[in-house]
Each structure stands twice: as C-alpha cells, then as structure tokens.
Amino acid sequence: MKKLFILGLSLIWFTSSAQQKEVTITIDPVSENIYMLTGQGGNIGVFKNEKGLFIIDDQFARLSEKILTGLKTISDNPVTMVINTHYHGDHTGGNENMTKQGATIFAQKNVRSRMENAQKEKGSVNSNTLPVITFDEGLQLYFKDENVKAYHVHNAHTDGDALIYFANGNVLHMGDTFFNGRYPYVDLNSGGSIKGYIKASEKALLIANDDTKIIPGHGALASKKDLQGFLTMLKEVTANVQKEIDAGSSEDAVVKNKALTAKYDAKDFGSGFINPKRMRKTIYLSLTK
Ligand SMILES: [Zn+2]
C-alpha cells in the first residue's frame, strides 16, 4: 500500500515536470525577410515587413512570452498580424496573447467558427482568442516588397486549412496539410479527408517551383521534392487501402494489414505522431465515410 502511494506521487511529479519541460525556441532564416520558428507545436512562419512582424500560427499560450522574446532578435517591431493555418490549439493557442499585444488575427472562416463553437460549449467566448478578419476562398495582402496569398484548401487536414504563399520570398507555409517525412494527422472529426488532403498537396505543388522553401506544419523545412515524395506516399497508401476496400476487406483487416504501409514504414514515416496502424485506420475511415 505504501509502495503504491509512493509510486502515485512520483507519477504526479513526473507529469508536472514533463509539462514544465523547458521548450527551446529556435529561429532559422528561410529567405531574406522570412524565418521559421520552432518551439513546441506547429512550425511558425515569420515575415519581417515595414509594418512589423507578421506570423503564421502561434503555438501555445504558455510559450508566447518566449516566442515574443525570440522574435526580438529579428526586429524590435511588434507582431502586427497573425494568420492561423487552421484551428488546432498547437497553432492558435497564442492568439489571445498576440491580440493583447496589438496583433490582428486572420483565418479562413471555419477556423473562427470552430474556435467560437468550442468555447460556447464550455460556457463563454473569449473574443481575444478569435480571428477578427476571416476569408472564404482566399486573401491577398500587399506589402512594400512582398505579396502574400492565402489559399483555402477544402476538407484536407480540417475544413478550415489555408496555404500561405510569399511570392517574392518564394516561401510556402502549408500548416498541417504537410507533415514532412511523416504520416499526417487527418482530422476526420473536423472536416478533414484523405482525398482533400491529397488535393491540398497537389495544389501546393502547382504554387511551388524547384526553389520554393516549404514550411510544413510539423517537421523540418522542406523543398518541392520533399512534398512530391510525401504526395507519392499518400497516393500509394491510399490506393492500397482502396484496393482492400474494393475487395471487401473490413476495417479491422485493413488496420492489421501491415503490407499496406510497409514500404513507407521502412522509410520511417510512422515514427511521428501518427503510427502506421493509425494511418491505415484513418484512410479506411475516410474512404468509407
Ligand atoms: Zn493541426
């Protein structure tokens, strides 16, 4: 009994120390005025412009202070604009802090409605956390030396995804429509689908050229070639699962069938957030929905 109690205590201690684990903020230059910031959660894109800093996604609220301190190494100007690539908390958690220090938040309209609805269900809405300018299919933002385009892609990772392209810098931020070198998370409960996910990659490949630097939602900075490899993986694995569905295989059989993903499991695609089993299950569920 005493032993159990001690074990319980040490587990609690372990959990809280893991949550407080030091997160290191790293900022890497991507092009002349564009940077990629990594900490914990989705990769942040940073664009330094004549009006201040414009960032894409803002990770978690608890990291905002660290992120803002890190951004000071790029510019003394404040964050004036934020675009959320989608509504997940590891991309929008810092919204309130960014709003409070004067930023305007932009996102596809479904991002705002999903965040607002989730807060309504909990009892109250905090308007500081929400995007205040929303768009439907797309948006253009003009700066002195840069032209930024946001493209909404339908039902991919969620139902509110946007790809953000910096035309002069030739940098594309794909949010979670791209997990570089890993199986992606497709949020079927928030309007995501494997077919839409594949279309989002195809759309990104139309925007990108051989020199484009691609910031994925998760994983290392990528090239067009990396994205092509990712798309080939998605198409092959999806075709493998579709073949099984056409042959009458059950969900359970697909989930257990390692051969469907073996080629890419060997290339480490299953070593991230989504393991091979979960990838096969998600694709099965998406194709049979
Ligand atoms: Zn996400």
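Please treat every number below as a calculation from the coordinates, not as lab data. Worth saying up front: this structure is predicted, and the values here are computed from it rather than measured. Here the Cβ positions follow ideal geometry from the backbone for every residue, glycine too, while neighbour counts run over all protein chains shown.
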Query raised in the report: Is it the case that the stretch 174-186 has a residue that's in a strand (DSSP E or B) and either under 15 Å from the mean Cα position of the chain (by Cα) or surrounded by fewer than 16 Cβ atoms within 10 Å (Cβ to Cβ) (or both)?
Result: yes
Report task. Please work out if D90 is free of Cβ contacts under 8 Å to residues at least 40 places away in the same chain and either over 21 Å from F135 (Cβ atoms) or part of a strand (DSSP E or B) (or both). Result -> no
Query raised in the report: Do the conditions hold for I67, that is, is it more than 16 Å from the ligand (Cβ to nearest atom), hydrophobic (A, V, I, L, M, F, W, C) and not in a strand (DSSP E or B)?
Result: yes
Query - Filtered residues of the stretch 75-89 (kept if crowded, with 17+ Cβ neighbours inside 10 Å and not polar (S, T, N, Q)) - result: V79, M81, V82, I83, H86, Y87, H88
Report summary line: If we keep only residues of the stretch 187-208 that are outside any helix (DSSP H, G or I) and more than 30 Å from D145 (Cβ to Cβ), then the residue nearest to the ligand (Cβ to nearest atom) is D187
Query raised in the report: Hey, among the residues in the stretch 209-227 that are within 16 Å of the ligand (Cβ to nearest atom) and not aliphatic (A, V, I, L, M), which one's surrounded by the fewest Cβ atoms within 10 Å (Cβ to Cβ)?
Result: G219
Query raised in the report: If you go through the stretch 151-169 one residue at a time, how many are more than 15 Å from the ligand (Cβ to nearest atom) and under 18 Å from S31 (Cβ atoms)?
Result: 5
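Yes or no, residue by residue, for (1) crowded, with 18+ Cβ neighbours inside 10 Å; (2) within 16 Å of the ligand (Cβ to nearest atom); (3) outside any loop (DSSP other than H, G, I, E, B):
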residue: G42; (1), (2), (3): yes, yes, no
residue: Q59; (1), (2), (3): yes, yes, no
residue: R62; (1), (2), (3): no, no, yes
residue: T99; (1), (2), (3): yes, no, yes
